[in-house]
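See below for the structure under consideration.
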Amino acid sequence: MIRAIVAKAGGVSQAAALLGLDPKTVRARERAAGMVMVVYRGTHTEKIDADGRPYGETGQGEDSAAQRDADRMWFTVAKGKRPLLRAVAYVTDGKVTRVREIEDGPWQENPQGKVALPLGRPLSPDTLAERFPAFPLNIGAPRPMVRGKIREYIAL
């Protein structure tokens, strides 16, 4: 709801003025609804790391065990963001290729503090629109990568 108010008002400062709140409070409430992590990838990268773990786009299909593991392991996600993370969107070569919802389950953490996410199957376009109506990206939509950016968070 807050996100819709911010959009209609034309920005956080304008929404804060309308609501009689501090802009930082409006931003915090906007983020409290949840967020989606957007992961940027290319198809022209190595697919296996030194430990033998697949990553990136494996070419084995989005429902394969290798692609699921590549999609869920290992990410640096701040502990404060973990409860708010609702899904992960994967952008490959400038196009949204799939979105996976975060499921209830354990967040596996390695000794370096990176996590393996409890991800579900890729969402269909209709399911994505139903579960995350405020998410501004659609499967198949263009999303140009910014050089040097490997991921970002979008508030719901």
*asked:* Looking at the stretch 129-137, can you tell me whether even one residue there is more than 14 Å from the chain's Cα centre (by Cα) and of a type in the set (Phe, Trp, Tyr)?
replied: no
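Residues in the stretch 5-20 that are part of a helix (DSSP H, G or I) and small (Gly, Ala, Ser): how many? Quick ask: steps written out before the conclusion?
Of all residues in the stretch 5-20, those part of a helix (DSSP H, G or I) come to 5-9, 12-19.
Filter once more, so that each one left must be small (Gly, Ala, Ser): 7, 9, 13, 15-17.
The qualifying residues number 6.
Answer yes or no: is there a residue in the stretch 136-143 that is in a strand (DSSP E or B) and either within 22 Å of Val6 (Cβ to Cβ) or among the polar types (S, T, N, Q) (or both). Before you say what the answer is, go through the steps one by one.
Taking the stretch 136-143 as the starting set, the residues that turn out to be in a strand (DSSP E or B) are 142.
If we keep only those that are either within 22 Å of Val6 (Cβ to Cβ) or among the polar types (S, T, N, Q) (or both) too, we end up with none.
Within the stretch 136-143, not a single residue is in a strand (DSSP E or B) and either within 22 Å of Val6 (Cβ to Cβ) or among the polar types (S, T, N, Q) (or both).
On the given criteria, is Asp93 open to solvent by 20 Å² or more (accessible area, probe 1.4 Å), among the charged types (D, E, K, R), in contact (Cβ under 8 Å) with a residue 12 or more places away in the chain and under 24 Å from Glu30 (Cα atoms)?
Working: open to solvent by 20 Å² or more (accessible area, probe 1.4 Å): yes; among the charged types (D, E, K, R): yes; in contact (Cβ under 8 Å) with a residue 12 or more places away in the chain: yes; under 24 Å from Glu30 (Cα atoms): no.
Against the criterion (open to solvent by 20 Å² or more (accessible area, probe 1.4 Å), among the charged types (D, E, K, R), in contact (Cβ under 8 Å) with a residue 12 or more places away in the chain and under 24 Å from Glu30 (Cα atoms)), Asp93 does not qualify.
Have a look at Gly59, Gly148 and point out the one that is open to solvent by 70 Å² or more (accessible area, probe 1.4 Å), within 19 Å of Lys47 (Cβ to Cβ) and either outside any strand (DSSP E or B) or at pLDDT below 95 (or both). Outline the logic, then answer.
Working: Gly148 fails: within 19 Å of Lys47 (Cβ to Cβ).
The conditions single out Gly59.
Regarding the stretch 82-89, can at least one residue be identified that is surrounded by fewer than 15 Cβ atoms within 10 Å (Cβ to Cβ) and among the β-branched types (Val, Ile, Thr)?
Taking every residue of the stretch 82-89 in turn, none turns out to be surrounded by fewer than 15 Cβ atoms within 10 Å (Cβ to Cβ) and among the β-branched types (Val, Ile, Thr).
The values are calculated or read from the model by the stated rules, or taken from the named source; none is laboratory data. Small disclaimer: the values here were computed from a predicted structure and weren't measured. Glycine gets a Cβ as well: all are built from the backbone with ideal geometry, and neighbour counts include every protein chain shown. Just the protein is used for accessible areas: all its heavy atoms, side chains included, with ligands, DNA and RNA removed. Shrake-Rupley method; radii C 1.70, N 1.55, O 1.52, S 1.80 Å.
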